[in-house]
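Since every read-out is calculated from the coordinates, none of them should be taken as a lab result. Since this is a predicted model, take the numbers as computed values, not measurements. We place every Cβ from the backbone using ideal geometry, glycine too, and count neighbours over all the protein chains shown.
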Amino acid sequence: MKQISRRTFLASSVRAALFGAYAGSGAAFAHSASWSNWSGGQTCQPAGRYDIGSEEELTSLLRNTLGPIRPVGSGHSFSPLVPTDGHLVVIDQLSGILDSDSENNQVTLGAGSRLGDLGAQLDAIGQGMINLPDIDRQTVAGAIATGTHGTGVTLQALSSFITSLRLVTPNGNVMDIDSSDEDLLHAARVNLGALGIVTQVTMQNREAYKLKKREWAAPTEDILANFDELAASHRHFEIFPLVYSDYSLVLSIDETDEPIGEVELEAEPTSDASIAESLGLSDNPTPAERLRQSNATASRIQPSESVDISHKILSNVRNSRFNEMEYSVPAEVGAECLREILKTIYDQAIDVNFVLEYRYVGADDDWLSMAYGEHPHATISIHRAASEDYRPYFNVIEPIFWKYGGRPHWGKVHNLTHLELTELYPRFKDFMELRRELDPQGRMLNPHLRALFNA
Ligand SMILES: Cc1cc2nc3c(=O)[nH]c(=O)nc-3n(C[C@H](O)[C@H](O)[C@H](O)COP(=O)(O)OP(=O)(O)OC[C@H]3O[C@@H](n4cnc5c(N)ncnc54)[C@H](O)[C@@H]3O)c2cc1C
């Protein structure tokens with residue numbers, strides 16, 4: 001019987017990302033051009049965009065212009081954080097390593113740096129990022145603004161690695177924020193692009209390191225029964241539960257001294273249809289048929305292992321465009337929440353092939369972090385191919401997240417309103433107060449943020 005590698009399966013399910021938004025042109029101002037995010041699910045027709053060449057240019061711009069502005073990174077958020085009919089502000093040119101401190105493994109970076117461009121630059125100076133998200137096309141500023149995180153019960157979101165940042169406020173003042181004002185630092189890191197424009201950050205890294213990745217398929221219930229132990233015994237541990245299946249794709253990543261091993265490459269199916277094909281599905285199968293067929297296929301997935309420099313192991317390339325909803329729930333109810341989602345997909349025969357993603361993220365103190373608090377959170381993601389309307393699927397699943405006290409990922413689709421957010425994020429009101437202080441005219445608000453902040 002034909003064997004399937006776990007990578008082939010997963011790559012076909014959530015493959016991705018060519019950066020489709022703006023690339024910095026060097027021009028200070030460009031007239032209106034339509035903008036769209038990576039998935040194509042968010043679009044706008046801004047009045048124009050400013051490509052910022054220096055901090056001075058930015059402060060002068062903010063002091064001498066009026067009207068709405070929205071900073072944009074690499075456009076990899078699924079939620080409508082960026083769309084504006086005002087001006088987009090692009091800081092692609094403020095990128096790269098500006099300074100490094102080898103004793104403390106820290107670097108100061110232009111906030112427009114792409115995560116993926118940093119790996120090799122950091123490696124060259126003996127440093128490695130503590131963690132990375134599933135892809136690395138995001139800008140540093142964009143990633144921290146939404147609380148972007150990777151996997152690991154002891155590893156916090158990327159914002160937690162930022163020891164200081166420079167914020168240019170909407171009225172053009174420059175604020176350097178660091179641990180001398182802990183509260184302000186916790187407020188300013190996960191900022192939704194609502195407090196001003198971050199131009200540079202200092203990032204805590206560690207010495208460069210290698211990681212070993214293991215991937216295999218296993219019955220979801222077997223893994224969930226031991227998830228806490230598995231998460232505690234691996235630096236990174238997560239599962240991609242298959243829909244209509246008793247199986248998950250499992251991923252563990254640990255530090256290693258082993259030599260770098262070649263990653264075996266295979267032709268990969270690229271679409272939802274080809275996932276169905278790789279599952280051996282017939283046309284219009286019933287849920288019971290899908291379960292039987294996908295279990296048979298999953299049981300043939302071959303384990304694989306690879307060793308490489310940390311940044312090459314932690315992030316992936318995802319070429320199939322999709323939209324995503326992700327919520328965090330307290331880790332102790334994570335498995336229950338996941339089970340209810342999988343059962344709902346099955347019971348309601350929701351026609352989706354994309355895997356889910358289930359991982360732990362360490363607790364932190366950033367006011368708007370989805371892992372704010374004292375205990376780790378489980379994060380659960382659902383995906384829908386970009387060519388399909390995600391709303392019918394996401395609208396059925398979202399109330400399940402709410403039932404378990406879920407907090408939304410700011411960069412992903414959600415339908416929560418001001419009132420609910422105030423209850424879910426203990427420092428939400430404090431954040432709104434700070435936002436009002438820094439942006440009394442509401443220059444940085446767009447319709448989505450106005451609704452979230454009731455502003
Ligand atoms: C394929 C894919 C995989 C993903 N995987 C993960 C994952 O594993 N984990 C995870 O947590 N998330 C993940 N995400 C979500 C993604 O990390 C976030 O949405 C992130 O914010 C996108 O960064 P960006 O640079 O594209 O920012 P954008 O989406 O362009 O902007 C995001 C926010 O940052 C603000 N912003 C941008 N630049 C600045 C600035 N200079 N100053 C102030 N605010 C600014 C914007 O105004 C906006 O509010 C994924 C997204 C995709 C498309």
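General remarks:
- Taken over the range 357-378, the criterion of being more than 16 Å from GLY406 (Cβ to Cβ) and not acidic (Asp, Glu) is satisfied by GLY362, TRP367.
- Against the criterion of being more than 21 Å from the chain's Cα centre (by Cα), among the small types (Gly, Ala, Ser), within 25 Å of ASP85 (Cα to Cα) and surrounded by 15 or more Cβ atoms within 10 Å (Cβ to Cβ), GLY442 qualifies.
- Hits in the range 47-58 - residues which are assigned to a loop (DSSP other than H, G, I, E, B) and not hydrophobic (A, V, I, L, M, F, W, C): GLY53, SER54
- Within the range 327-341, residues that are under 15 Å from ILE397 (Cβ atoms) reach partners that are among the basic types (Lys, Arg) and in a helix (DSSP H, G or I) with beta carbons closer than 9 Å, at six or more positions or on different chains, in the pairs CYS337/LYS403; GLU340/LYS403.
- In the range 84-111, residue farthest from the ligand (Cβ to nearest atom) [restricted to those that are of a type in the set (Gly, Ala, Ser) and either on the phi > 0 side of the Ramachandran plot or part of a loop (DSSP other than H, G, I, E, B) (or both)]: SER102
- Candidate set: the range 59-83, residues that are more than 9 Å from the ligand (Cβ to nearest atom) and assigned to a loop (DSSP other than H, G, I, E, B); chosen: the one surrounded by the fewest Cβ atoms within 10 Å (Cβ to Cβ): LEU66
- With respect to the conditions (1) within 12 Å of the ligand (Cβ to nearest atom); (2) surrounded by fewer than 21 Cβ atoms within 10 Å (Cβ to Cβ), THR139 falls short on a single one, namely (2).
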